[in-house]
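A short write-up of the structure that comes next.
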Amino acid sequence: MNKKVLVMHGDGIGPEVTRQGLKVLNAVAPQAGLVLDLEDTLIGGAAYDETGSFLPSESLNKAKQADAILFGAVGGPKWAKLDGSETPEKGLLNLRKELDLFANLRPATVFSELVEASTLKQEVVEGTDLMVIRELTGGIYFGEPRGSIEVQGRKGSRNTMVYMEDEVERIIRVGFDMAGKRRNKLTSVDKSNVLDVSKMWRSIAERLASEYPGVELDHLYVDAAAMELIRDPRQFDTIVTGNLFGDILSDEASMLTGSIGMLPSASIGSEFALYEPIHGSAPDIAGQDKANPLASILSVGMMFRYTFGMPQIDEAIHSTVNSLLSKYRTPDIMVPGKKPVGCEEMGDMMLQELEQTQAIPAA
Ligand code: IPM
Ligand code: MG
């Protein structure tokens, strides 16, 4: 099988973590019977410096020709602006929108080797295995009107939370389907005690529930969900929610796992798919070989599952990461008794561990 993968390194720690993800992709692909056609292209601040655009049209065109995209991270103080003009983050948002990557899957799994790395008590987080499904191309991130306003001489600024019924329906269906493949429990998160958009969201979820009799649906307000996530994370299986709530809850969920440096994601639409760590570009540690590459490596695992249809490879990458963590740690998850390693060495050790454990049988 031939597959075209486009690599978008981006800014900050993006390039260093993505290089490790790529190492794993390159090592595993032949064993999985894949012939890769790899290409890279510019995105974010790095693209702006070269071309004057955070998402050059050439990059977008390449993205539209790829079977999957491996994405690093974008942004940094050099390009941050508060005056409403374009930013690297806007480049990423436009890419999501242009490719219609409406379903963002953000699994938060507590690796048994990492239970002690969480700031929460071991007995609370142990065994947590949940999936946040975040709507990614709508809601307040994209709603119009937006921007500066002036009302009766008072200056302000606004954003608009807007969802159309079909957008809500398609993401909630992803939630039901995912829950059906997991533990059959779907929690829909909204703010329907206040927001009209959420009232519609909840009624659509209720209506669809009858089509998925095997899945138990419940609802939580987003504030309660934020609380329940740290009170008793194991109660959750699949969570489905809108763009902004999903952004916030997925960062919160990442802390259950010990480090945001551990969380991969897949952004999937009807035609395209992009895989990226949920962490940002971390400019404070960029270029110092300190970043945790495991989120990028696990994102490659998700690529095998969702684009290449090989869940067994994702599982092998997952269990290899767990055994790796019993020996090596990057600074974000370091504890006494383990060997401290940098980003690059963690990638190398991952390859070694894959080889030693023969986690992936040759095709
Ligand atoms: C994320 C990030 C992005 C978002 C930023 C970088 C635009 O926080 O992927 O969660 O808000 O979606
Ligand atoms: Mg975020």
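The values are calculated or read from the model by the stated rules, or taken from the named source; none is laboratory data. Note that the structure is a prediction, hence the values are computed from the model and not measured. A quick note on method: Cβ atoms are made from the backbone with ideal geometry, for glycine too, and the neighbour counts reach across all protein chains shown. Side chains are part of the model used for accessible areas, which takes the heavy atoms of the whole protein and leaves out ligands, DNA and RNA. Shrake-Rupley method; radii C 1.70, N 1.55, O 1.52, S 1.80 Å.
Among the residues here, residue 229 qualifies as assigned to a helix (DSSP H, G or I), among the aliphatic types (A, V, I, L, M) and at pLDDT 95 or above.
Based on this model, can you work out whether residue 33 counts as at positive phi and surrounded by fewer than 18 Cβ atoms within 10 Å (Cβ to Cβ)?
So residue 33 passes the test.
Within the stretch 135-159, residues that are on the phi > 0 side of the Ramachandran plot have Cβ atoms under 9 Å from residues that are in a helix (DSSP H, G or I) and more than 16 Å from ligand 2 (Cβ to nearest atom) in these pairs: 139/167; 139/197, counting only partners at least 6 apart in sequence or on another chain.
Every residue, every condition in (1) within 23 Å of residue 263 (Cα to Cα); (2) in contact with a Lys or Arg (Cβ under 6 Å, 6 or more places away or on another chain), yes or no:
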site: 31; (1), (2): no, no
site: 34; (1), (2): no, yes
site: 44; (1), (2): yes, no
site: 56; (1), (2): no, no
site: 60; (1), (2): no, no
site: 69; (1), (2): yes, no
site: 81; (1), (2): no, no
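Put simply, of 291, 282, 286 the only residue that is of a type in the set (A, V, I, L, M, F, W, C) and within 12 Å of ligand 1 (Cβ to nearest atom) is 282.
Do the conditions hold for residue 39, that is, is it charged (D, E, K, R), surrounded by fewer than 21 Cβ atoms within 10 Å (Cβ to Cβ) and at pLDDT 95 or above? Considered against the rule, which asks whether it is charged (D, E, K, R), surrounded by fewer than 21 Cβ atoms within 10 Å (Cβ to Cβ) and at pLDDT 95 or above, residue 39 comes out as yes. Taking the residues in the stretch 223-243 that are crowded, with 17+ Cβ neighbours inside 10 Å and more than 22 Å from residue 110 (Cα to Cα) as candidates, determine which candidate is nearest to ligand 1 (Cβ to nearest atom). Once the filter is applied, the top-ranked residue is 243. Residue 277 passes every criterion in (1) touching a Gly at 6+ places or on another chain (Cβ under 9 Å); (2) under 30 Å from residue 19 (Cα atoms); (3) open to solvent by 10 Å² or more (accessible area, probe 1.4 Å) apart from (3).
Could you check, for the stretch 1-20, whether at least one of its residues is over 16 Å from residue 286 (Cβ atoms), of a type outside the set (A, V, I, L, M, F, W, C) and within 20 Å of the chain's Cα centre (by Cα)? No, because not a single residue in the stretch 1-20 is over 16 Å from residue 286 (Cβ atoms), of a type outside the set (A, V, I, L, M, F, W, C) and within 20 Å of the chain's Cα centre (by Cα). Considering the stretch 244-257, the residues that are more than 10 Å from ligand 1 (Cβ to nearest atom) and open to solvent by 10 Å² or more (accessible area, probe 1.4 Å) include one that is nearest to residue 333 (Cα to Cα), namely 255.
Yes or no, residue by residue, for (1) within 22 Å of residue 267 (Cβ to Cβ); (2) touching a residue at least 40 places away in the same chain (Cβ under 8 Å); (3) touching an Asp or Glu at 6+ places or on another chain (Cβ under 6 Å):
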{"residue": "191", "(1), (2), (3)": "no, yes, no"}
{"residue": "200", "(1), (2), (3)": "no, no, no"}
{"residue": "232", "(1), (2), (3)": "no, yes, no"}
{"residue": "237", "(1), (2), (3)": "yes, yes, no"}
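Only a single criterion out of (1) open to solvent by 10 Å² or more (accessible area, probe 1.4 Å); (2) in contact with a Ser or Thr (Cβ under 8 Å, 6 or more places away or on another chain) is not satisfied by residue 87, namely (2). Listed by position, the helices (runs of 4 or more DSSP H) contained in the stretch 122-212 that have at least 1 residues being outside the structural domain of residue 273 (by TED's automatic domain parsing) and in contact with a strand residue (DSSP E or B) (Cβ under 8 Å, 6 or more places away or on another chain) are 165-181, 196-209. Counting only helices (runs of 4 or more DSSP H) that fall entirely inside the stretch 258-363 and contain at least 2 residues that are within 30 Å of residue 243 (Cβ to Cβ), the qualifying elements are 294-306, 311-325.
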